[in-house]
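Colleague: Take a look at this one; I'll ask things after.
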Amino acid sequence: MEMDVKQMVAWFRHYADVLDDQKALLTELDAAIGDGDHGANMARGWRAVKEGLHEFSGNVGDSFMLVSKTLISKVGGASGPLYGTAFLRMGMAVKGKDAIELSDWPKLLQAASDGIAQRGKVSGGEKTMYDVWKPLSDGLMLRDDFEGEQSLVRWLAQTAAAKAEETKELRATKGRAAYLGERSVGHPDPGAVSTSLLFKSLQSTLAPD
Ligand SMILES: [Mg+2]
């Protein structure tokens, strides 16, 4: 079982639509602890990804690269470079491949997670998107009991949602939210929430209930 490039494109298109629907929520979350631009930035960036996919022909590695380049050029603030790096590293991890096999997922998540850590200079617990990506990477390294893509993506979506929720309890020590100190507690990190939506979109694409 594997995920081919058509399914990748379907995932990215679906996520663009989800972001458009959830723009107000992400804006509200970012307004609480940041500058309130995360919803608009992500929706704009992924709308550009969706447009770029109209003329796309390439393999799965190329599809990650298209997302990376588009986000780096279209998404402002910290999110563009961080997501751009995550997709760049995932593209490098499956460079030249026509499909993502079940055994590729641990290295994909590790590549993304390591890229975010380096680019964002984070190590975990700072209340950033890394607090979702890192546990996904760590969790996949420990598990080899998934029966197929569907069970794997369900686990990714559930774990990402739980970890995004857990960022509520963290005190921000990176980015604009760090200026709020203790007052950042009680609000989830917007980048953690947009990451959880990415994996929820993956589940909706590959394993709809
Ligand atoms: Mg912002």
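Colleague: Condition first: open to solvent by 40 Å² or more (accessible area, probe 1.4 Å), away from the ligand (no atom under 13 Å from the Cβ) and either among the aromatic types (Phe, Trp, Tyr) or under 30 Å from residue 186 (Cβ atoms) (or both). Now tell me which residues in region 53-80 satisfy that.
Modeller: Selection gives 56 alone.
Colleague: List every residue pair whose Cβ atoms sit under 8 Å apart, with the two residues 6 or more apart in sequence or on different chains, where the first one lies in region 172-187 and is surrounded by 13 or more Cβ atoms within 10 Å (Cβ to Cβ) and the second, anywhere, is assigned to a helix (DSSP H, G or I) and among the acidic types (Asp, Glu).
Modeller: 185/169
Colleague: Can you report the number of residues in region 162-171 which are surrounded by fewer than 19 Cβ atoms within 10 Å (Cβ to Cβ) and out of contact with any His (no Cβ under 7 Å at 6 or more places or on another chain)?
Modeller: Qualifying residue count for the region: 5.
Colleague: Also: Looking at the structure I just gave you, is residue 50 open to solvent by 20 Å² or more (accessible area, probe 1.4 Å), free of Cβ contacts under 8 Å to residues at least 40 places away in the same chain, over 30 Å from residue 185 (Cα atoms) and not acidic (Asp, Glu)?
Modeller: yes
Colleague: Report, by residue number, each residue of region 137-161 that is of a type in the set (D, E, K, R) and open to solvent by 20 Å² or more (accessible area, probe 1.4 Å).
Modeller: If the condition is that a residue be of a type in the set (D, E, K, R) and open to solvent by 20 Å² or more (accessible area, probe 1.4 Å), then 138, 143, 144, 145, 147, 154 are the ones that fit.
Colleague: Does residue 32 fit the bill of being over 17 Å from the mean Cα position of the chain (by Cα) and within 16 Å of the ligand (Cβ to nearest atom)?
Modeller: So residue 32 passes the test.
Colleague: I'm told residue 134 meets every condition in (1) open to solvent by 10 Å² or more (accessible area, probe 1.4 Å); (2) in a helix (DSSP H, G or I); (3) closer than 22 Å to residue 32 by Cβ except one. Can you identify the failing condition by its number?
Modeller: Condition not satisfied by residue 134: (3).
Colleague: Return yes or no: is residue 50 charged (D, E, K, R), within 16 Å of the ligand (Cβ to nearest atom) and over 16 Å from residue 4 (Cα atoms)?
Modeller: In short, no.
The values are calculated or read from the model by the stated rules, or taken from the named source; none is laboratory data. A quick note: this is a predicted structure, and the numbers were derived from the prediction, not measured. Positions of Cβ are backbone-derived with ideal geometry, glycine not excepted, and every protein chain shown enters the neighbour counts. For the accessible areas, the whole protein counts, side chains as well, though only heavy atoms, and no ligand, DNA or RNA atoms are used. Shrake-Rupley method; radii C 1.70, N 1.55, O 1.52, S 1.80 Å.
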